[in-house]
Amino acid sequence: MFDALFQSGWGAYAMMLFMLIPFLCIFFYVVIRKSIIDPSPSTADKKSFKKFEYLWMGLVVFVFVTVNVASIQFMPTVITANAAASDENIFDVDVSAVSWSYDISEQTLEVGRPIRFSAKSEDTMHSFAVYHPDGRMLFTMMLMPKMDGPTSLIYTFKDPGTYTVRCLEYCGLSHHDMRDELTLVASN
Ligand SMILES: [Cu+2]
């Protein structure tokens, strides 16, 4: 339903307005109140604000910690560490990036099996970003040249289909053409 909005960019604009308007309303309310309606200095009890400040800081810390703790298991590095520690059968894929293409040791992969992508760059800064067929980015790895070993990440695909690989680090003239594909098939 909202596809047209978000494909044209109007959705992002509407979202920005939606988030800014409440702040603008409060801002102008305070400015008008304190400069036109009642410009005299505040007589409010400062102590009562202290309590509210502590409460507010407590809430901010609580939300920050909760969001981080709840989302940590979805971080690619944590998923990789957990997969490496388990005794699941990991399938290894070697990736080599060079301006402006990839050399991927195996491009037809199985759904449901952890895959360890070990990637390196042969010349300059590149990245290895994998996109779901529906357009969502699943993960990206930054590939720096002249590293001792490859950068590794373990990922388990859930859906069969054609996944797109893209470079997300600007690497020169044909950076936009630096893409490849992975085909995910259902496991036997
Ligand atoms: Cu690039």
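The values are calculated or read from the model by the stated rules, or taken from the named source; none is laboratory data. All figures in this text were calculated on a predicted structure; none of them were measured in a lab. FYI the Cβ positions are ideal-geometry reconstructions off the backbone, even for glycines, and counts take in every protein chain you see. We work out accessible area using only protein heavy atoms, side chains counted, and drop any ligands, DNA or RNA first. Shrake-Rupley method; radii C 1.70, N 1.55, O 1.52, S 1.80 Å.
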Filter region 78-113 down to residues that are assigned to a helix (DSSP H, G or I) and in contact (Cβ under 8 Å) with a residue 12 or more places away in the chain and give me whichever is nearest to residue 171 (Cα to Cα). 80
For region 159-188, how many residues meet the condition of being within 16 Å of the ligand (Cβ to nearest atom) and on the phi < 0 side of the Ramachandran plot? 16
If we scan region 142-158, do we find a residue that is in the same structural domain as residue 94 (by TED's automatic domain parsing), within 12 Å of the ligand (Cβ to nearest atom) and open to solvent by 80 Å² or more (accessible area, probe 1.4 Å)? yes
Among the residues of region 114-138, count how many are over 22 Å from residue 172 (Cβ atoms) and either without any contact (Cβ under 8 Å) to a residue 40 or more places away in the chain or not assigned by TED's automatic domain parsing to the domain that holds residue 158 (or both). 9
Checking residue 40 against (1) among the small types (Gly, Ala, Ser); (2) in contact with a strand residue (DSSP E or B) (Cβ under 7 Å, 6 or more places away or on another chain); (3) part of a loop (DSSP other than H, G, I, E, B), which single condition isn't satisfied? (2)
